[in-house]
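Before any comments, here is the structure.
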Amino acid sequence: VMKRESFEDPEVASLMNDTFISIKVDREERPDIDSVYMMVCQTMMGRGGWPLTIIMTPDKKPFFAATYIPRESRFGRTGMLDLIPRIKELWTTRPDKIIYTADKITAAVQEMSQQAPGGGLDEATLGLAYQELSGRFDDEHGGFARTPKFPTPHNLLFLVRYWKRTGDEIALEMVETTLQHMRHGGIYDHIGFGFHRYSTDSEWLVPHFEKMLYDQAMLAMAYTEAYQATGKREYAQTAREILLYVLRDMT
């Protein structure tokens, strides 16, 4: 979407070429580079995602991170046509401010990457993870963010297994609320099956029209484990439809 809306737009391309040395990284070919800059994004934004946009100083220290950036500002998102001139002006008038921010971010990422590996998982750690997810949960529509909203099946799998381990019914309720809203929302392809990558709204209604193999795999697991936990046939049917889509269209 960004390629079509922004990178191929003559006005945006002109601004980018005038302001930056732009580098596009294929995260499938270079997951090592992707992991570094995803850590930067998560450090700065508290969350990650793709497409991933990082802006750095000439000495390659990051000071700005974002995921999807539209061509024009809309729905509370700053667009490329506004963002690039602002960054150019700030670099021209206050480079010291950008360098200070970049140094702080670089130091934080280096500290995170040098931390000693943790020990085994214990009940306290599992409880902290559960509390973190509970605090971010959307009680009305399910999921763990506002917009854009990603399926995050790994969170759902954790909660199913946490419920099985502890008997905490709220954990299973969070899973079911999310799975049901996604299944009946626009993020699910009701004609061809399979899930789109994320929803652009908080209600799972308006999808980002792109389907990823890893999402289908993880979501099929989530619906299967939800069926095993509850016996509800809708979950089993959804898992079958996902796998049918993968075998028919992605292999």
I'd like to know if region 213-230 contains one or more residues that are without any contact (Cβ under 8 Å) to a residue 24 or more places away in the chain and either over 24 Å from Tyr130 (Cα atoms) or basic (Lys, Arg) (or both). no
Restricting region 201-251 to residues that are part of a loop (DSSP other than H, G, I, E, B) and hydrophobic (A, V, I, L, M, F, W, C), the one surrounded by the most Cβ atoms within 10 Å (Cβ to Cβ) turns out to be Trp204
Among (1) of a type outside the set (A, V, I, L, M, F, W, C); (2) touching a Phe, Trp or Tyr at 6+ places or on another chain (Cβ under 7 Å); (3) surrounded by fewer than 14 Cβ atoms within 10 Å (Cβ to Cβ), Pro85 falls short only on (2)
Scanning region 29-46 residue by residue, those surrounded by fewer than 13 Cβ atoms within 10 Å (Cβ to Cβ) and touching a residue at least 12 places away in the same chain (Cβ under 8 Å) turn out to be Met45
Gln180 fails exactly one of (1) among the polar types (S, T, N, Q); (2) over 16 Å from the mean Cα position of the chain (by Cα); (3) at pLDDT below 95, namely (3)
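Within region 142-175, how many residues turn out to be touching a Lys or Arg at 6+ places or on another chain (Cβ under 8 Å) and either of a type in the set (Val, Ile, Thr) or touching a residue at least 40 places away in the same chain (Cβ under 8 Å) (or both)? First the steps, then the outcome.
Quick first cut of region 142-175, residues touching a Lys or Arg at 6+ places or on another chain (Cβ under 8 Å) only: 143-145, 150.
From the residues that got through so far, the ones that are either of a type in the set (Val, Ile, Thr) or touching a residue at least 40 places away in the same chain (Cβ under 8 Å) (or both) too are 143, 145, 150.
Residues flagged as touching a Lys or Arg at 6+ places or on another chain (Cβ under 8 Å) and either of a type in the set (Val, Ile, Thr) or touching a residue at least 40 places away in the same chain (Cβ under 8 Å) (or both) within region 142-175 amount to 3.
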With the first residue restricted to region 63-84 and required to be in the same structural domain as Leu15 (by TED's automatic domain parsing) and under 26 Å from Ile99 (Cα atoms), and the second required to be aromatic (Phe, Trp, Tyr) and surrounded by 18 or more Cβ atoms within 10 Å (Cβ to Cβ), Cβ contacts under 6 Å at 6 or more apart or on different chains are none
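The values are calculated or read from the model by the stated rules, or taken from the named source; none is laboratory data. From a predicted model like this one, the values you see are computed outputs, not experimental measurements. Note: ideal-geometry Cβ built from the backbone for every residue, glycine included; neighbour counts use all protein chains shown.
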